1. In Å², what does the accessible area per residue of the chain work out to with a 1.4 Å probe?
2. Hey, of [x] 121, 13, 7; [y] 52, 33, 22; [z] 34, 30, 20, which did the structure itself give for Cα extents along the principal axes in Å when calculated?
3. Roughly how many nanometres apart are two label points built 7 Å out from the Cα toward the Cβ at SER40 and GLU57?
4. Can you return the lysines within cross-link range of LYS33? Criterion is Cα-Cα under 25 Å, with same-chain partners fewer than 8 residues away left out.
5. Could you size up the charge dipole of the chain around its Cα centre, putting +1 on the beta carbon of Lys and Arg and -1 on that of Asp and Glu, and report it in debye to the nearest 20?
6. Mind checking the full-extension length gain between THR4 and ARG50? Use 0.36 nm per residue of separation minus the Cα-Cα distance, one decimal, nm.
7. Among GLN60, THR47, MET1, whose Cα lies farthest out toward the positive end of the dipole of the chain, if unit charges sit on the beta carbon of Lys, Arg (+1) and Asp, Glu (-1)?
8. Expressed as a whole percentage, what fraction of the accessible surface of the chain belongs to carbon and sulfur atoms when a 1.4 Å probe is rolled over the protein heavy atoms?
Amino acid sequence: MNCTHCRQPLKISQYSSDLRLKSCPRCSQNHSKNIHIYYSNNAFGKTIHRQNQNNLEGIQSHCTSCRAENGPNINDGIPCNMIE
């Protein structure tokens, strides 16, 4: 399924133009309006195992809330239509 705002797949993480925000695929897919949900990069874990030319910091794909037992927390995120 694609985001109703940017038309990109919800299951693939997106970055804001300034690279300070990243979408969480699970939060995005669980949002009732089918829109990417963005968080500060600090809301994601980092690992050297994910470092590559496209992901220099090694940011994990899902936010820490989704990676924990409590699951998606879409109320704290920024919807795609609010991102420049």
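1. Here the residues of the chain average 66 Å² of exposed surface.
2. Entry [z].
3. 1.0
4. Hits, sequence-local ones excluded: LYS11, LYS22.
5. Here the size comes out at about 200 debye.
6. 13.7 nm
7. Of the listed residues, the answer is MET1.
8. 45
The values are calculated or read from the model by the stated rules, or taken from the named source; none is laboratory data. This structure is a prediction, so every number in the text was calculated from the model and none was measured. Note: ideal-geometry Cβ built from the backbone for every residue, glycine included; neighbour counts use all protein chains shown. SASA here: full protein model, heavy atoms, side chains in, ligands and nucleic acids out. Shrake-Rupley method; radii C 1.70, N 1.55, O 1.52, S 1.80 Å.
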